[in-house]
1. Which whole-number percentage describes the relative contact order of the chain, with Cα contacts under 8 Å and a sequence gap of 6 or more?
2. Round to the nearest 0.05 the FRET efficiency obtained for Lys102 and Asp312 when R0 = 60 Å and r is the Cβ-Cβ distance.
3. Taking the alpha-carbon distance from Lys320 and a cut-off under 14 Å, which aspartates and glutamates remain once sequence neighbours fewer than 8 residues away in the same chain are dropped?
4. With every protein chain kept in the model, how would you rank His419, His210, His95 by accessible area, 1.4 Å probe, largest at the top?
5. How big is the accessible area of Asp126 in square angstrom, nearest 10, if you roll a 1.4 angstrom probe over the protein chains?
6. What length, rounded to one decimal in nm, is gained on full extension from Ala150 through to Ile416, with 0.36 nm per residue of separation minus their alpha-carbon distance?
7. For the peptides 146-152, 464-470, 130-136, what is the packing order when you average, over each peptide's residues, the other Cβ atoms within 10 Å and list the highest mean first?
8. Extension gain Glu430-Thr198, at 0.36 nm per residue separation less the Cα-Cα distance, in nm?
Amino acid sequence: MSADSTNNQGFVIQVPAYQKVAPVGGQIVRIHGRKTFVTMMKVSSLKDLMPEVKVGAIPSETNREVNEKRVAELAEYYTRIGDRVIIPPILADTHLDFEFQKGGEMQLDGQNSVEVGILQIPLAVDDALIILDGQHRVAGLVKAYRETVAKLANLQDERDRLMDQEQDPMQIQRLRDLNTQITTFEALMERFNRDTVTVEIRTNTPKELHKEWFVTIADNAKGINKSERARLDTINMSSLAAKQVCDKHPLLAGNIGESGQPRIDFRNNMAKKTSDTIYSLDNVRNVVKNIAFSAAKKETAKMEREAVKKIDDIESESMKFFDALVSAVPKYSKLAQITSGYTGAKFRKESLYASPTMLRALAGAYHELVFGSADGKKVSPLELKHNKNGFDQFTKLLNNLNEYMDLKVYGSDGEIDIHPKWRQTTLFRESGLAPQSGFQDLAKLVDLLTEWGRLGEVFVGKVYGSIKKPGA
């Protein structure tokens, strides 16, 4: 197998006569000196033109294992989002040159031009293409396409069987439902046959260079942090509600300190230790999530979409949560006052309330007390019926906690520490000044605070007994 260049008509791969190729429109560009084909592939053609991506297969030496959940999420995203969909370009490489039939040339400036024409992608050469970046995108789009084809075929078969039978009123209604569903899936099929994905193919790439590129992409694909994601998010309930609460609540809105820093950091996952800022947007988003869903549940995209219907209630309850903090906790009251001179930097040095993990746990306890039943029975998701008795329990919990939340010197060693009663529990690492933040640790802390809220006392109860260190 060899490659030739013939009269500027493109690079031709010499292959046996039986080999099949697929023609796609494209162009040749040079990226860092390497010839690169840029083409647009219809979503419906990815299953034929791109390498098969096998979910859960043993990772190859040129790529990582494909995650089934990520593939399913992308398939669901494409079919649900409609014309708001965005799919980044797919990067691939090949150790070959592909046949390219030049159809024309566009002059960009005095030195650079772009050749346009027809690219022939070999279909019968092993590893003719290797995906460099985008295997989950390919697998998700192919999954969405195949599932749509199968669903449409099943619906059409059922419709045809019903039409061959003598029809009664129930069958007539079922036929109407089927026709409605078929119309929806036919429209989706039109999208698959219309929408395209950009694919960039680097040629003459040895396998070792592919591996080097793959690692480089993985090392530098940092993404955006959680606060930035929430700031830009216009879809998910928790992000939308958190931004509204940050804009409205006096503890969180506006600036703080002599330097006029924002009370909420909208760009970093955590407020910087020495900044006057109190919390990050992601910290507030976690409060909103725990108030809406409880700390016992990890939110999903479906839950977030369902919660949008209740966003006004969730926002209102989040505001009441921060109202309770300001009314019951002196340090929060000082933070909320514009002229107090008290800032996030001082708060973090002096109070366990400043811990984002403690804040999340308090939000989880708020959910259980304010929306749960008095006997501790769980309520249905997003059944947000405000219980005044539960709210009073939460406020009393804060009052009871206050004397145990200061960070100060408690012993003879002169070191700042948490209250000795907290140190006697398993919730803190040996020298940690904030609770452990793992999912199980957080759940235990929520259970503890909830029990204390219902009992009306702290450092008592069954949950407390289960987390006390031996001999404490």
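1. Details: 750 pairs, mean separation 56.1, N = 472.
Value for the chain: 12 percent.
2. On the way: r = 60 Å, r/R0 = 0.99.
Efficiency at R0 = 60 Å is approximately 0.50.
3. Asp312, Asp392
4. Values: His419 35, His210 0, His95 95 Å².
My answer, sorted largest first, is His95, His419, His210.
5. 130 Å²
6. Working: separation 266, 0.36 × 266 = 95.76 nm, distance 6.43 nm.
Length gained, Ala150 through Ile416: 89.3 nm.
7. Details: 146-152: 15.1, 464-470: 11.7, 130-136: 21.3.
The peptides rank, most packed first, as 130-136, 146-152, 464-470.
8. Values: separation 232, 0.36 × 232 = 83.52 nm, distance 5.26 nm.
Result: 78.3 nm gained on full extension.
The values are calculated or read from the model by the stated rules, or taken from the named source; none is laboratory data. This is a predicted model, so every value here is computed, not measured. In this analysis, Cβ positions are derived from the backbone assuming ideal geometry, glycine residues included, and neighbour counts consider all displayed protein chains. These area figures cover heavy atoms from the full protein model, side chains too; ligands, DNA and RNA do not enter into them. Shrake-Rupley method; radii C 1.70, N 1.55, O 1.52, S 1.80 Å.
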